[in-house]
1. Looking only at segment 121-177, filter to residues that are open to solvent by 70 Å² or more (accessible area, probe 1.4 Å) and among the β-branched types (V, I, T); which one of those is farthest from V190 (Cα to Cα)?
2. Give me the pairs, please: first residue somewhere in segment 111-133 and of a type in the set (S, T, N, Q), second residue anywhere and open to solvent by 60 Å² or more (accessible area, probe 1.4 Å), beta-carbon distance under 7 Å, and either six or more positions apart or on two chains.
3. Could you please give the count of residues in segment 60-78 that are more than 9 Å from ligand 2 (Cβ to nearest atom) and in contact with a His (Cβ under 9 Å, 6 or more places away or on another chain)?
4. Output the number of residues of segment 59-93 satisfying the condition of being within 16 Å of ligand 3 (Cβ to nearest atom), hydroxyl-bearing (S, T, Y) and open to solvent by less than 40 Å² (accessible area, probe 1.4 Å).
5. Looking only at segment 34-58, which residues are open to solvent by 10 Å² or more (accessible area, probe 1.4 Å), within 11 Å of ligand 1 (Cβ to nearest atom) and part of a strand (DSSP E or B)?
Amino acid sequence: MDLKLNLAQKMGVSMSLLAMSLLASPAHAVDWTEVGDAGQLVGTSQEPTGDGRLRNIYGTISTTNDVDLYRLYISNPDTFSASVNSTSGDLDSAIALFNDGGFALYANDDAMLGTRNAALPAGNVHGPQAPGWYHLAVVPLGTPPVSGDGFTPDHYMFPNVSSPYTQILTATGPGGASPLTGWAPVDSMVLDEGYRLRLSGVQVSPVPEPETYAMLLAGLGLIGTMVRRRKGFINQQ
Ligand SMILES: [Ca+2]
Ligand SMILES: [Ca+2]
Ligand SMILES: [Ca+2]
């Protein structure tokens with residue numbers, strides 16, 4: 001018995017496996033660890049890779065100048081939420097969400113009274129309203145995002161607020177109508193604090209729409225037809 005598969009059979013097997021893996025719902029969850037240092041602007045944002053639901057990101061805030069931006073595909077804006085916990089114990093975090101153009105949506109300093117950990121709740125009217133690419137920023141306290149060409153409070157994207165710091169902030173600061181251009185730490189200090197960013201409603205790779213599946217399967221069928229034709233041509237030699 002000849003165990004060697006011809007080209008058409010090999011492609012048939014691999015295409016079947018590909019189609020099955022693409023059609024299977026990615027039920028598994030993915031954790032991501034910051035590679036090097038995630039950038040702090042939309043153009044240098046770090047994009048986690050893998051396949052499935054993105055559950056956690058682990059990273060480090062090294063100084064008051066270190067903001068970590070992650071480019072995320074929010075597949076379910078209704079259930080999207082994000083919360084930061086300090087794994088080293090001493091990070092006073094803030095968190096902010098931007099769209100793919102760098103415009104700020106919402107931010108928070110302290111999720112609850114008495115904690116220093118930040119969170120963005122699900123179902124907030126200022127949160128993401130459509131599936132798509134966004135940028136989530138993990139921020140050391142006292143390092144507000146700025147827009148425009150200046151690094152002054154006039155360009156802060158979020159308003160300055162007072163206690164109790166549990167507010168959900170929206171981009172109503174003086175620079176809120178323009179996209180992110182930098183961050184304005186009030187002081188310069190070494191922090192070296194670890195964090196865990198817990199997420200929901202985020203996919204590492206976008207789930208294709210049904211019409212994408214249809215196009216994909218049509219494309220695979222076309223390849224199969226080409227392979228069969230080619231095989232027929234070779235056999236006539
Ligand atoms: Ca970092
Ligand atoms: Ca960073
Ligand atoms: Ca905080």
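The values are calculated or read from the model by the stated rules, or taken from the named source; none is laboratory data. Predicted model only: the values in this text are computed from it and were never measured. Glycine also receives a Cβ, built like all others from the backbone with ideal geometry; neighbour counts cover every protein chain displayed. Remember, those area values only see protein heavy atoms, side chains included, never the ligands or the DNA or RNA. Shrake-Rupley method; radii C 1.70, N 1.55, O 1.52, S 1.80 Å.
1. Checked segment 121-177; the qualifying residue farthest from V190 (Cα to Cα) is V125.
2. Partner pairs satisfying both residue conditions: N117/N85.
3. So the count comes out to 3.
4. Matching residues across segment 59-93 total 4.
5. Selection gives Q46, Y58.
So that you can scan it fast, the table gives a plain yes or no per residue for (1) modelled with pLDDT under 95; (2) within 16 Å of ligand 1 (Cβ to nearest atom); (3) in the same structural domain as S86 (by TED's automatic domain parsing); (4) part of a strand (DSSP E or B):
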position: G102; (1), (2), (3), (4): no, no, yes, no
position: W133; (1), (2), (3), (4): no, no, yes, yes
position: A137; (1), (2), (3), (4): no, yes, yes, yes
position: V161; (1), (2), (3), (4): yes, no, yes, no
position: T172; (1), (2), (3), (4): no, no, yes, no
